[in-house]
1. Sort 126, 39, 192 so that the residue with the fewest other Cβ atoms within 10 Å of its own Cβ comes first and the one with the most comes last.
2. Between residue 192 and residue 105, 0.36 nm times their residue separation minus their Cα-Cα distance comes to what?
3. Quick one: order 89, 10, 34, 80 by neighbouring beta-carbon count within 10 Å, fewest to most.
4. Order these by the 10 Å Cβ neighbour count, fewest first: 111, 12.
5. With equal scatterers on the alpha carbons only and no solvent term, can you work out the Debye log10 of I(q)/I(0) for the stretch 1-154 at 0.12, 0.16 1/Å?
6. Expressed as a whole number of Å, what is the distance separating the alpha-carbon centroids of the stretch 6-29 and the stretch 108-135?
Ligand SMILES: [Zn+2]
Ligand SMILES: [Zn+2]
């Protein structure tokens with residue numbers, strides 16, 4: 001269903017269009033739009049609403065759930081020390097999973113209509129619109145599906161008391177990850193160490209590009225973004241990723 005010479009109309013819902021880009025999709029999706037404008041993804045207002053999330057929803061929704069699971073582990077008989085160790089372990093497992101998702105799934109090379117659409121929905125949108133603050137953290141419904149899946153995996157692999165502490169710890173790790181990720185894009189640190197974290201790991205685009213001020217491009221080339229973003233790919237794990245230059249545009253770890 002890919003169409004030769006297809007050009008995306010940014011004023012129309014994007015999700016149903018990106019598949020038509022075919023082989024040119026990867027280049028398009030890795031040429032970021034550096035304004036904070038939140039483009040429309042879906043025709044349906046309901047789907048559009050589900051695709052946008054303010055960052056503070058993540059700790060508000062998931063920290064109580066994490067606490068519930070960690071507490072469950074304690075009330076089921078584990079000592080506080082064991083619960084703490086399992087929770088920390090869960091957070092490490094999350095870090096490893098996030099790396100694995102990004103490494104093996106989020107950057108798959110797609111060119112078919114549904115392949116492109118799938119890639120755009122799971123991760124491509126973040127490379128295309130890295131400064132869209134409403135499409136940065138994972139929407140709760142999407143996260144819930146993955147978390148339920150992990151819960152069932154824990155139930156298969158461990159006892160309920162062990163699995164619940166691991167999942168609770170993993171959830172805390174996820175909340176720290178997603179809020180830090182948001183902060184690295186949109187935070188304005190005045191503390192020196194936070195500033196160097198932001199400057200060193202994820203470099204925000206220069207103000208003229210970011211705000212799309214008059215006379216400056218709002219869409220930067222991949223090469224320009226590469227220069228800005230050099231070395232800023234991973235936040236939690238400083239692991240090198242063998243990817244092509246075009247794939248290094250956009251962002252770091254989501
Ligand atoms: Zn990012
Ligand atoms: Zn990525």
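Values in this text are rule-based calculations from the coordinates and carry no lab data. Just so it is clear, the model here is predicted, and its values are computed rather than measured. With ideal geometry, Cβ positions are generated from the backbone for all residues, glycine too; neighbour counts draw on all protein chains shown.
1. Details: 126 22, 39 17, 192 8.
The most exposed by this proxy come first: 192, 39, 126.
2. Details: separation 87, 0.36 × 87 = 31.32 nm, distance 3.48 nm.
Full extension from residue 192 to residue 105 adds 27.8 nm.
3. Result, fewest neighbours first: 80, 10, 89, 34.
4. Result, fewest neighbours first: 12, 111.
5. -0.63, -0.97
6. The stretch 108-135 and the stretch 6-29 have Cα centres separated by 10 Å.
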